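A quick write-up on the structure given underneath.
The values are calculated or read from the model by the stated rules, or taken from the named source; none is laboratory data. Here the structure is a predicted model, which means the values were calculated and not measured. Backbone-built Cβ (ideal geometry, glycine too); neighbour counts: all protein chains shown. Just the protein is used for accessible areas: all its heavy atoms, side chains included, with ligands, DNA and RNA removed. Shrake-Rupley method; radii C 1.70, N 1.55, O 1.52, S 1.80 Å.
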Amino acid sequence: MHKVYHRIEQIAGNVITVRAEGVANGELAQVVGTLGTSLAQVIRLERDKVFLQVFAGSRGISTDGQVRFLGHKMDVSFTEALLGRVFNGSGQPRDNGPELDENRIAIGGPSVNPAKRIIPRKMVRTGIPMIDVFNSLVESQKLPIFAAAGEPYNELLARIALQAEVDIIILGGMGLKHDDYLQFRDTLEANGALSRSILFIHTAADPTVECQMVPDISLAVAEQFALQNKRVLVLLTDMTSFADALKEIAITMEQIPANRGYPGDLYSQLAARYEKAVDFEGAGSITILAVTTMPGDDVTHPVPDNTGYITEGQFYLRNGRIEPFGSLSRLKQQVNGKTREDHRVVMNTMIQLYASYKETLEKQSMGFRMSAWDNKLLKYGERFEKEMMDLSVNIPLEAALDLGWQIMADCFEPAETGISSKLTEKFWPQATA
Amino acid sequence: MSENVGRIVGINGNLITVRFDNPVTQSEVGYARTGDVALKSEVIRIRGDNAELQVFEDTSGLKVGDPVEFSGNLLAVELGPGLLAQVYDGLQNPLPKLAEQCGFFLQRGTYLKALDREKKWAYTPKARKGDEVTAGDTLGTVPEGIFEHRIMVPFRLRGKYKVEETLAAGSYNVDQVVAKLRGERGDEIAVAMVQEWPVKVPIKAYAERLRPVEPLVTKVRIIDTFFPVARGGVYCIPGPFGAGKTVLQQITSKHADVDIVLVAACGERAGEVVETLREFPELTDPRTGKSLMERTLIICNTSSMPVAAREASVYTAVTICEYYRQMGLNVMLLADSTSRWAQALREMSGRLEEIPGEEAFPAYLESVIAAFYERGGVVKLKDGTTGSVTIGGTVSPAGGNFDEPVTQATLKVVGAFHGLNRERSDARRYPAIHPLDSWSKYPGVVDGQQVAQARKTLRQGNEVSQMMKVVGEEGTSIEDFVVYLKSEFLDATYLQQNSFHDVDAATGADRQKYVFAKIHGILTAKVFFPDKDAARKWFLQLTSVTKDWNLVPMDAAEFKQLEQRIDAMLAEVSEHA
Ligand SMILES: Nc1ncnc2c1ncn2[C@@H]1O[C@H](COP(=O)(O)OP(=O)(O)O)[C@@H](O)[C@H]1O
Ligand SMILES: [Mg+2]
């Protein structure tokens, strides 16, 4: 017996206002405009004034449009039938498949009790030395790829997803170019992974409000699978589009922006999504790999900056390579002590030497004479970039560690690396002819 | 319960506006009802007959017209035996108990008692009938883990009281009345083991505040030697993300030489608390031989938990610290991150549509931060013993730029500044505390002159390295070059420390003094080399041996052997008189 309201008092941005009673905060409504029917969500209440965010946008909504409150929050159907399907940010099919309506679950649910989390401990092998050796990825980690526009971040995301041993892949696309969406779908299909994937796609051409829903809807489904003991990988690309959608609504609601137009709660909003990554005690896990494009290639921009404070590290993609500086896996120490005895020392030493190489490069570019040590560093740096950093390299961790020792041995004396003699005695390769 | 009920007239995120008829108190707690849950809230502004409350929970489902019950009480915590080793949320809900009751997810509107009501404590009375007592005086004690937990005269009592009745020694739960007191005006007070205290009000039941002068050994070399912390001091760790704030606090929580550590995970990652939560019970506290968890308490309001409760969490934490300080203990509060708390203030301020200050933080940010750090300190208690609360807060500046409101407001009130630096963390020079920019006003454990000398080497080394960028190595004299190598040596072997190595992670005060004297000897030695390459080679080798030295326990035979090697190496290149 849901009452229909006919008088829309205000339309600003994607927010409309009606006068109604007995409406709950966060409740859904159906709004009928001249362009069709859309869902809308209550975002603010002021006496009998109800502010609604319209998912399909306010275009085509007239002051005498219809608003019908549905009495429940935003939800999504959770069933095995989701697998292999493509939906939009409101959970409507984007493929030609049927609409799903059984077993509705609420999205944006409460956070996991920290007491029910366990310490992540399983390494996800990717075959990429810059990840496996230097910044190991761990199951249940939340980790974005920081990249400027134009970098091959979606390719990297897809490559890791296909290499990772997971039960279910959920792709949340935000502001995706249509081509990129098709590319993702085709890559999953070509690798036989589509049948264990679910896609929630918002493309650049779709209404902004739907962009905002993509992470919640993707993660709500992921959570249910994880509770059923599944290892779920959630790919979210591009979270900067999500943040921009938040910014848009904040400005419409006349909130005071904190930093470059973004609302003061950007951190909490991003954290509410990323913190869904979890290793449950006695159930499955959710790993989140995201993309955060950096406007102006600026890591101090509010979106990458707030993200970095939330996620468990980041892969910094630049010039088609994962940069050792700026990249970080905060969970690496949970796993890299148990791989091979020399893992940590190779990791630390090679990076320190690479940092010295960078300094030498700087000196060289200023025209200074290169010392014997500088020349060693130059040789080392070039090999490191070519044999370790290049994204085309695809070798197992152990082979990458061996390669690391070989590169160091070809360039330096053991003592010059600063590695303790105990380890060099054991791992330093014998002189090659 | 309370008869004072208002009605919701507006909902904006976690801010609700409530119309009331009967008097309402600023900062009192209210409960907003929806269906069969009551959501805890706090009055933050009153205008006319409207009160605005921040709700400590998700507000979805609330409607205009829903009732709000005003409790008449300020936001408070329970204080009594059984707090230690607990894991609470920002409102002092015990999280493991909550998990038993609600499962995997936090359920809004579920509030459990902070202290176990079943558990019995072995009570020993200390005060005698007829004794005259005031707030904070000990009435009796119970053993709590390794401590003697004092049951004290409630802090809220003013003036003198006479003990009228005492409880015999025995085993009781926390609600047990342990004494009856009579005040000067004839009022009678029954004192239980548990008392409540409003979190935003400092506990002041002590004789006087003292100046913090005694070093608090964290076992992090760069801190204890160069930028020390004092017991009862307050310090901050600002740094961009990934620079090592949390690791530094984790390592401090394990090794710091204090009685009790309170970890306040404020608006940061849940995963980081889980590490402490799961690991500490397994780790042994070298000071006591008991589980490290017995001296630890976690307040956990991580980033996806409700924002208003995040704001409350730092106060919950510091109040519990003050409580244990009243027992003559040295307590340390590690808050990670105070910026998240400041952001919670900013979110509320925005919803209240207050006039924003810089970066939209409220104008009162500075005074709120100052008042919080003021709750650290050393106090002389009424019985002559001392207790302390040391506060270390991380700061997460936007864009890693220290020139922002939270960092700046914090720097004004702390006694030590451990500035983490992106270049150092990128170069894996951990802990990435900047050795030239950081400062401390507290005394350290190592000889001051030696430290001053080392600082000079660092400064000069830095100058040489800057100069070399302009004139190149060839334009640098060998003397200058050696100074540079010495500063790099000091950095690599002393300032840097491996937090994940059993031995290197924690360097006690004695070892710091010993090792630093040796390093000081090297820094001040006159050393000679035929050319720069020879100098570099020698220093690289010395660095490698000294780093090995850091990795062996002080009582191992290898410690002496490596030391002899260092001496021998030094002799090779030194001038002989
Ligand atoms: N003292 C240290 N020793 C070794 N690695 C460290 C140290 N401090 C930080 N790190 C590395 O840096 C990462 C980020 O540190 P963290 O303390 O979480 O940073 P922040 O809290 O400043 O964002 C850690 O996961 C670890 O890999
Ligand atoms: Mg941190």
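Residues in region B:404-429 that are more than 14 Å from chain A (Cβ to nearest Cβ), within 16 Å of ligand 2 (Cβ to nearest atom) and of a type in the set (A, V, I, L, M): 0 in all. In a residue-by-residue description of region B:371-384, the property of being part of a strand (DSSP E or B), β-branched (Val, Ile, Thr) and away from ligand 2 (no atom under 16 Å from the Cβ) applies to at least one position. In region A:310-328, the residue that is farthest from ligand 2 (Cβ to nearest atom) out of those that are at the interface with chain B (Cβ under 10 Å from one of its Cβ atoms) and under 16 Å from the mean Cα position of the chain (by Cα) is A:Ser327. If we keep just the residues of region B:328-385 that are touching a Phe, Trp or Tyr at 6+ places or on another chain (Cβ under 6 Å) and away from every other protein chain (no Cβ under 11 Å), which is nearest to ligand 1 (Cβ to nearest atom)? Per the criteria, the residue is B:Val331.
Looking only at residues of region A:25-43 that are in contact with a Ser or Thr (Cβ under 7 Å, 6 or more places away or on another chain) and not polar (S, T, N, Q), we find that the one that is nearest to the other protein chains (Cβ to nearest Cβ) is A:Gly26.
Output the residues belonging to region A:47-75 that are part of a strand (DSSP E or B), in contact with a helix residue (DSSP H, G or I) (Cβ under 9 Å, 6 or more places away or on another chain) and open to solvent by 10 Å² or more (accessible area, probe 1.4 Å).
Scanning region A:47-75 gives a single hit, A:Asp75.
Is it the case that region B:386-396 has a residue that's open to solvent by 20 Å² or more (accessible area, probe 1.4 Å) and either part of a loop (DSSP other than H, G, I, E, B) or within 16 Å of ligand 1 (Cβ to nearest atom) (or both)? No, there is no match, as no residue in region B:386-396 is open to solvent by 20 Å² or more (accessible area, probe 1.4 Å) and either part of a loop (DSSP other than H, G, I, E, B) or within 16 Å of ligand 1 (Cβ to nearest atom) (or both). Taken together, the residues in region B:221-258 that are within 16 Å of ligand 2 (Cβ to nearest atom) and of a type in the set (A, V, I, L, M, F, W, C) amount to 7. Taking region B:295-327 as the range and being more than 16 Å from ligand 1 (Cβ to nearest atom), within 26 Å of B:Gly357 (Cβ to Cβ) and touching a Lys or Arg at 6+ places or on another chain (Cβ under 7 Å) as the test, the residues that pass are B:Asn301, B:Arg310, B:Tyr315, B:Val318. Restricting region B:218-244 to residues that are open to solvent by 10 Å² or more (accessible area, probe 1.4 Å) and among the charged types (D, E, K, R) leaves a set whose member that is nearest to ligand 1 (Cβ to nearest atom) is B:Lys219. Of the residues making up region B:430-450, at least one is of a type outside the set (A, V, I, L, M, F, W, C), part of a helix (DSSP H, G or I), in contact (Cβ under 8 Å) with a residue 40 or more places away in the chain and away from chain A (no Cβ under 14 Å).
Applying the selection to region B:272-286, what residues are open to solvent by less than 20 Å² (accessible area, probe 1.4 Å) and in a helix (DSSP H, G or I)? Talk me through it step by step, then tell me what you get.
Initially, region B:272-286 is screened for residues open to solvent by less than 20 Å² (accessible area, probe 1.4 Å), giving B:273-274, B:276, B:280, B:285.
Once the filter is applied, which keeps residues that are open to solvent by less than 20 Å² (accessible area, probe 1.4 Å) and in a helix (DSSP H, G or I), region B:272-286 yields B:Val273, B:Val274, B:Thr276, B:Phe280.
Take the conditions (1) surrounded by fewer than 18 Cβ atoms within 10 Å (Cβ to Cβ); (2) free of Cβ contacts under 8 Å to residues at least 40 places away in the same chain; (3) under 37 Å from the mean Cα position of the chain (by Cα); A:Arg369 misses just one of them, which is (3).
When residues in region A:294-305 are screened for being more than 8 Å from chain B (Cβ to nearest Cβ) and buried (at least 24 other Cβ atoms within 10 Å of the Cβ), 2 of them pass. The residue pairs whose first member lies in region A:249-274 and is facing chain B (nearest Cβ under 7 Å), whose second member is open to solvent by 20 Å² or more (accessible area, probe 1.4 Å) and not in a helix (DSSP H, G or I), and whose beta carbons are closer than 7 Å, counting only pairs six or more residues apart or on different chains, are A:Ile256/B:Pro356; A:Ala271/B:Ser304; A:Ala272/B:Ser304.
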